[in-house]
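Written below as structure tokens is the structure these notes are about.
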Amino acid sequence: MLAFLKSRYDAFAQRVLSSLSEIERRDVRAFDTWFYRSGGWRWLIGVVILTTLISWIASNFPWNMSFAEAAILFNLVVLTLIWSGLSAWFGYRRFQGRIFRYIVAAPILALFGALLGASIAGVVKGVDPFVFFQDSAKLRHVVTAGLVFGVLFAIVTALIAHLRNREYRAMTAHLEAEARQSETSRQLAESKLKLLQLQIEPHFLFNTLGSAQQLAEKGAPEAARLLGELIRFLRAAAPALRDEMSTIRQEAAMIRAYLGIMQTRLGRRLAWSVHVADDVADCPIPPGMVITLTENAIKHGIEPSARGGRIDVLFERDGDNASIVVADTGAGLADGLSEGGIGLANIRERIALLYGDRASLSLEENDPEGFRARIVMPDARAQQAHSLHPLPSEVH
Amino acid sequence: MSSRVTALIAEDEPLMRERLKDKLHEVWPELAVVAEAQDGDEAVAMFDEHRPQIAFLDIRMPGRSGLEVAAEIGARCHVVFITAYDQYAVKAFDAGAADYLLKPVETDRLVAMKERMERKLATPPIDLSELVAQLRSSVKGDTGRMKWVKAAVGKQVKLIPVDEVLYFQSDTKYTRVVLAHGEALIRTPLKELLSDLDPEKFWQVHRGTIVNLDAVSGVLREDAERQFIMLKNRQEKLPISRQFTHLFKQM
């Protein structure tokens, strides 16, 4: 019998637990541990003893109540309050949005309960309830007792439910914010890592070194120049990627070195230019993005095209923004669906993480042929200047 | 054995081409390089013209790749692939007994290659088509899943990340690409799109509709026969044809 009850209770507890949220479940577990393992039940016994003691004192007042009656009544009231307090403590989510309705309903129900109880008591004692309630003093007593208990009960539970709901909301918001924050920083770190991996391809290194070797063996002076450009490219690429931010000037220097190398390797198949407007040269920019676009232009535009083409890289100001265009006249992309490469997806992700809606990467067909990528991103200095100097005339 | 062996070199970078030629001349003077191609298409044309016994094919070239060229001429001459770093290809070459050289080429490797080729020249070339077919996809370059739709938006041609597409709908001649804000047209038929799209994310729900699951807010069940897809941020409902209703049984 006991085993049967226990198994039914376990099934019930399981069902209730599984319907709770993670935060609620944690609370219930903590209470469970406190009550059964750390002797929380002793408090319950203590409360019962204390209440009984109080009811003994109360029964000594001329209240027309025996000790047994007072002990049962007081203990019922106190235990009911504790019970409802606990149910509000753990079941606060059921009160959410219904607290006001509850505050109104509880005293009314308590009042009806008191009237019903008094009627039953009357019947038991052989008093007609209608006669009993005609005594206005007695009716007032019953009504007062019912209302006082109902209001007390409603206030305690509603207050607990309200506070707990507020705590729950705050905790949920906190957990969500924390999750979002760690997600953002994780994505940022990841996209940085991906960019790092993309940067220096073995293909590029082997082919460049092979070309340099060939030039050197023939005693051509271009060998030294090619190696010089490779060194400049590697030096620019290596520390820049470890930094959070680079500048347009630095990125442009790396791109020039890179395109110089590719020019030597590809010969007549490549023509190029890199132009940096003076007023954006010092604009901070996440490292590695524009060189990725340039590498794409080589890899997907010039290299697949037998006749080759030209690459033009343009850094300009556009209001408070920096506008960066990498355009090639190479192979372009096939119609319909095409693989755009991890690089583009990564740049998109990265500027979205850093600048949100204020930055964009747009890709389109170049006129008359080839491919054109444009990044528009806020110039952090422009924003700083605005916030420091509200009036344009104060900007030097 | 005839004293002169003929060869074709296909390599798009002039310096690398020159280097291979110089080194070959150094270790294998009897070898005559009769043709030098700068891209895959030229390599096939030059092969047909000169009929060399050996073809040195760079894997990454404009036009046809080295693998594609090998698929065409591989049965008629001995192929030596050249690669800087295609590790998958190199593994497959080792397993499939195809010959290859690593760029930049080194003398001792070339000597070993020469000895192997001299033995091979007495036998007919082995058929590489199977090996090449297996490799083509892996050497194509980017294998990232991110894809873009190249589409006409007004007068411009734009690249739209495929994730931003809510659904594709066939429209007599074109395919409509519907986005959260606006839409575009492409010529690629739905059937072709379906094979390229990620099947985890894009479901065909109708003969004429492929929908992005991320854009779906729910399924409206008018009755057992007629069901519709409801979209986030869009008013229109997309009918699900009967053959696809089973996809949404559990939803």
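Each value in this text was obtained by applying a stated rule to the coordinates, not by laboratory testing. Here the structure is a predicted model, which is why all the values come from computation and not from measurement. Using ideal geometry, Cβ is built from the backbone for each residue, glycine included, and neighbour counts are taken over all protein chains shown.
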Quiz item: Mind listing the Cα extents of the protein assembly as shown along all three principal axes, in Å, largest one first?
Solution: 133, 72, 57
Self-check item: Charge context of A:Leu266, other residues only, Cβ under 14 angstrom, K/R +1, D/E -1
Solution: -3
Quiz prompt | region B:150-251: trypsin sites (Lys or Arg not before Pro) in DSSP loop, at most 16 other beta carbons within 10 Å | solution = B:Lys155, B:Lys173, B:Arg187, B:Lys201, B:Arg207, B:Arg226, B:Lys232, B:Arg234, B:Lys249
Quiz item: For A:Arg372, what charge total do you get from the other residues with a beta carbon under 10 Å from its beta carbon, if Lys and Arg give +1 and Asp and Glu give -1?
Solution: -4
Quiz item: Do the sum for chain B: with -39,500 (n - 2.57) for every DSSP H run of n ≥ 4, divided by all residues, what is the mean residue ellipticity at 222 nm, to the nearest 500 deg cm²/dmol?
Solution: -9000 deg cm²/dmol
Quiz item: Going by the alpha-carbon gyration tensor, a ≥ b ≥ c the square roots of its eigenvalues, is region B:5-139 rounded (a/c under 1.5) or, if a/c is not under 1.5, prolate (a/b greater than b/c) versus oblate?
Solution: rounded
Quiz item: Once the Cβ-Cβ distance between B:Ser195 and B:Glu106 is put in as r, and R0 is 60 Å, what FRET efficiency do you end up with, to the nearest 0.05?
Solution: 0.90
Quiz prompt | Alpha carbon convex hull of region B:148-248, volume per residue in cubic angstrom | solution = 99
Practice problem: Could you tell me the distance between the Cα centroids of region B:11-72 and region B:112-136, to the nearest Å? | Solution: 15
Quiz prompt | Residue mean of other protein chain beta carbons inside 10 Å, A:209-221 | solution = 4
Self-check item: Calculated [θ] (222 nm, deg cm²/dmol) that DSSP helices of n ≥ 4 give over chain A, each run adding -39,500 (n - 2.57)
Solution: -22500 deg cm²/dmol
Exercise. Provide a whole-number value for the mean count of partner chain Cβ atoms within 10 Å of the Cβ atoms in peptide A:307-313.
Key: 1
Quiz item: Roughly how many whole Å is it from the C-alpha centroid of region A:103-178 to that of region A:297-336?
Solution: 76
Quiz item: Taking Cα atoms of region A:21-189, Rg/Rh with Kirkwood Rh, to two decimals?
Solution: 1.15
Quiz prompt | Restraint check, B:Lys103/B:Lys158; B:Lys23/B:Lys120; B:Lys158/B:Lys249, Cα-Cα greater than 26 Å | solution = B:Lys103/B:Lys158; B:Lys158/B:Lys249
